[in-house]
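Just so it is clear, none of the values below were taken in a lab; they were calculated from the coordinates. Small disclaimer: the values here were computed from a predicted structure and weren't measured. So basically every Cβ, Gly included, is an ideal-geometry build from the backbone, and we count neighbours across all protein chains shown.
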Amino acid sequence: MPRAPSPAKPRARVKPALTPIDAPLGSLTAQAYRALRAEILTTRQRPGAAVSEGALAAAHGFGKAPIRLALARLSQEGLVRAVPRRGYVVAPVTLRDVQDVFELRLILEPAAARLAAGQADIAALRRLDAVCRASYRTEDPDSALDFLEANRAFHVSVAALSGNQRLTQQIGLLLDEMTRMLLLGLGGRDRTGEMAHEHRALIDALAEKDGPAAERIVREQIEAARDMVLGVLLRSRAALEVA
């Protein structure tokens, strides 16, 4: 009588290495990523500037491995570009980039706000708005970055209320790319009061389940931000050097 084949041994699962995105927040890779991202968004690393793993590792006190993984993640986010045999270049910001990103925002965000009307946790949105109302110092790029990160969290939270995860993800990616443009567009100007007024108007429309009003308010906010950024870029020779 033939022997029954022995059951195949289960294959050992290979645990994948952590990517920069998965790395714990306290890891050296995550620390390097946050440090480099802040430098790029605040333009301390100028758009178009060449950067190397060795120079960044020496400047920040990290080894090359965390810097390499951090640059890989920043490349995925479009903030740096790999150049063969040269390392990386900080992604430039052109007038076409600004126009393209704002066009996409005008397509996606008003629709998300309309879908979010009536679905909002108004108390949660008011808490986020309170964070956004914390004023920043116009001479301090880091405080302006914190302010814009809070503003991003507010708008992504509104998009999430639409119930469409893909729509929310795309808006989040656009807002990540927008942060550096807005920092250039602020141009030493404190917009805390203006943006707080815009947020309150949007929260009121969402609370009243007024989808058309929420859509209109978001569209007006995006158009105002677009005009501000384009105006600064066109007026400032230093800003145009990023093209």
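Worth a mention:
- Subset of the stretch 48-78 (residues that are in contact with an Asp or Glu (Cβ under 8 Å, 6 or more places away or on another chain) and not in a helix (DSSP H, G or I)): GLY48, GLU77, GLY78
- Condition check for SER143: within 15 Å of the chain's Cα centre (by Cα), surrounded by 13 or more Cβ atoms within 10 Å (Cβ to Cβ), part of a helix (DSSP H, G or I) and polar (S, T, N, Q): no
- Evaluated against (1) in contact with a helix residue (DSSP H, G or I) (Cβ under 8 Å, 6 or more places away or on another chain); (2) within 23 Å of LEU167 (Cβ to Cβ), THR42 falls short on exactly one condition, (2).
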